[in-house]
Amino acid sequence: MSLTAKKWLTYLIAIPLMAASTAFFGCISLVCGLWDKSGRQQHAVANAWARSLLLITLSPVTLIDEHHLRTHRVAVYASNHLSYMDTPVLFARLPFQFRILAKQSLWKIPFVGWYLNRSGQVPIDQKSGRSAIAGLLRGVKTLQAGLPLVIFPEGGRSESGQLQSMVSGAAFMAIKAQVPMVPVALIGTYELLPIHTYHLSPRPLKVVIGDPILTEGLTTKDAEALTQQVRDAITRMYFTHSRPTP
């Protein structure tokens, strides 16, 4: 299919359907948030919303090495960040309730900020060192309360589809809470919806779960080394599972 045809199909069909789905499930989630302080119902709504987007984009997702999720449920799940579709993919395929560490600027958006706050997501202000530390400590409390945390340590979507350098905030939280870090590799989302574009290229996607990396006995001085270990694991998984099947 030509690029022009993809653009027209995206603008005429996919984007309107995705917007309608987001509005529909967003309204349901806002209503649930009036009484659901645990975030369980809102997470279930987010799961349904995410699945609807993947259905609209004709992009099925395969979860690989799911058994790693059963070993240590409460953990920091560190993923590469390729596309706006990364978050829906994780909401659709991770089989448990979790929280996301997100940019504090999202909390300033009407209704979105209220939803994020009511559903227990964790804000972080990357522009201020003191505020960033406060956000990381909120993440630690979330982990200590028994909720897994999902984070994109690269801090933003990749411009090229290649793995970027990672900041050590995720490792800091895992070490402070003494929970494992689990590397997660997303494959195919960059090709589905690259940064700076809005036309879709439907394709099968993959979520690869790596071996949990334990943090017992580590201190915050080990955060940089742990971050590099996670990055190396994501890189290996990405290139291993990106290869075409013979």
Residues satisfying the stated conditions in the range 118-141, i.e. within 17 Å of the chain's Cα centre (by Cα) and farther than 25 Å from Ala223 by Cβ: Ser119
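Which ones in the range 175-200 are of a type in the set (S, T, N, Q) and either surrounded by fewer than 23 Cβ atoms within 10 Å (Cβ to Cβ) or more than 13 Å from Leu90 (Cα to Cα) (or both)? Please lay out each step first, then the result.
To start, the set of residues in the range 175-200 that are of a type in the set (S, T, N, Q) comprises 178, 189, 197.
Those that are of a type in the set (S, T, N, Q) and either surrounded by fewer than 23 Cβ atoms within 10 Å (Cβ to Cβ) or more than 13 Å from Leu90 (Cα to Cα) (or both): Gln178, Thr197.
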Cβ pairs under 7 Å, 6+ apart, first in the range 79-99 and free of Cβ contacts under 8 Å to residues at least 40 places away in the same chain, second of a type in the set (Gly, Ala, Ser) and assigned to a helix (DSSP H, G or I): Pro88/Ala50
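May I ask you to list the residues in the range 201-222 that are among the hydrophobic types (A, V, I, L, M, F, W, C) and either within 19 Å of the chain's Cα centre (by Cα) or surrounded by fewer than 14 Cβ atoms within 10 Å (Cβ to Cβ) (or both)? Can you show your working first?
Step one: of the range 201-222, the residues among the hydrophobic types (A, V, I, L, M, F, W, C) are 205, 207-209, 213-214, 218.
If the condition is that a residue be among the hydrophobic types (A, V, I, L, M, F, W, C) and either within 19 Å of the chain's Cα centre (by Cα) or surrounded by fewer than 14 Cβ atoms within 10 Å (Cβ to Cβ) (or both), then Leu205, Val207, Val208, Ile209, Ile213 are the ones that fit.
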Condition met for Gln126 (surrounded by fewer than 16 Cβ atoms within 10 Å (Cβ to Cβ), within 14 Å of His81 (Cβ to Cβ) and not aromatic (Phe, Trp, Tyr)): yes
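Within the range 208-222, is there a residue that is aliphatic (A, V, I, L, M) and more than 21 Å from Leu63 (Cβ to Cβ)?
If we filter the range 208-222 for residues that are aliphatic (A, V, I, L, M), which is where we start, we get 208-209, 213-214, 218.
With more than 21 Å from Leu63 (Cβ to Cβ) added as a condition, the list becomes 214, 218.
Yes; the residues of the range 208-222 include at least one that is aliphatic (A, V, I, L, M) and more than 21 Å from Leu63 (Cβ to Cβ).
Bear in mind that the values in this text are calculations on the coordinates, not laboratory data. All figures in this text were calculated on a predicted structure; none of them were measured in a lab. Neighbour counts run over all protein chains shown; Cβ positions are idealised from the backbone, glycine included.
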